[in-house]
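The values are calculated or read from the model by the stated rules, or taken from the named source; none is laboratory data. What you see is a predicted model; the values in this text were computed from it and never measured. Here Cβ is always computed from backbone atoms with ideal geometry, including for glycine, and neighbour counts include all displayed protein chains. Only protein heavy atoms, including side chains, enter the accessible area calculation; ligands, DNA and RNA are left aside. Shrake-Rupley method; radii C 1.70, N 1.55, O 1.52, S 1.80 Å.
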Amino acid sequence: MKSTATEIENKVDKLLTCLDKDSQHIQENLSQLNKLRSYVIKRDDSGLSKLLKAIQAETSSYRNHESKRQTIRKELANALECKTEQVTLSALEIRLSKVKKDQVIAKKAKLISLIKELKKEHLSTILLLSECARFNNLLLKSIFDLGKTGAVYYNSNGATKQQTDMAFVNLHL
């Protein structure tokens with residue numbers, strides 16, 4: 001039984017190391033979202049393309065990390081004699097010693113706060129990009145409607161008349 005407890009704690013140590021990398025990845029994502037918003041606001045195309053290349057380069061390495069985390073979860077599930085889906089940080093808290101339990105609780109709290117911040121920043125980015133898209137659509141519509149404003153004009157008799165010419169600027173005197 002003692003070797004099983006030691007084995008579980010060693011696997012938990014591997015998981016905690018893995019969770020540190022997850023925290024670092026979330027922090028990098030937060031930084032990337034801030035850069036993305038900054039580049040969009042500044043209309044920095046070269047910065048946006050560099051950011052895209054950096055994100056694409058990170059993707060494969062993070063996939064490897066994700067599979068490593070899943071392998072650790074499977075190993076823990078085998079050691080704890082349960083299903084992989086049941087191996088969660090909350091479930092581990094119950095089965096660990098005080099020291100390891102405190103470490104798991106600290107990692108869990110850090111991840112939860114980072115995820116909340118990531119959700120907030122993600123929403124902010126979505127709102128910025130949707131407003132940019134809305135503004136661009138309005139701008140393109142005004143250009144491709146060939147300057148038709150739909151404005152109502154009054155002649156000297158007081159009768160209404162809509163603008164029907166196709167100019168961008170109306171020089172009606």
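A few points about this structure:
- Using heavy atoms of the protein chains and a probe of 1.4 Å, the accessible area assigned to residue 41 is about 120 Å².
- Separation of the residue 10 and residue 136 label points, Cα + 7 Å toward Cβ, nm: 5.4 nm
- Of all accessible heavy-atom area on the stretch 1-45, the percent that carbon and sulfur account for (1.4 Å): 50 percent
- Computed per residue of the chain from DSSP H runs no shorter than four, each worth -39500 (n - 2.57), the mean residue ellipticity at 222 nm is -27500 deg cm²/dmol.
- Estimated vicinal HN-Hα couplings, Hz - the stretch 87-96 in sequence order (Karplus 6.51, -1.76, 1.60; Gly, Pro = x): 7, 10, 5, 5, 5, 5, 3, 5, 9, 9
- The solvent-accessible area of residue 60, taken with every protein chain present and a 1.4 Å probe, is close to 60 Å².
- Against the chain, whose longest principal axis comes from its Cα atoms, helix 45-80 is set at around 30 degrees.
- Computed lengthening from residue 62 to residue 122, 0.36 nm per intervening residue step minus Cα-Cα distance: 19.7 nm
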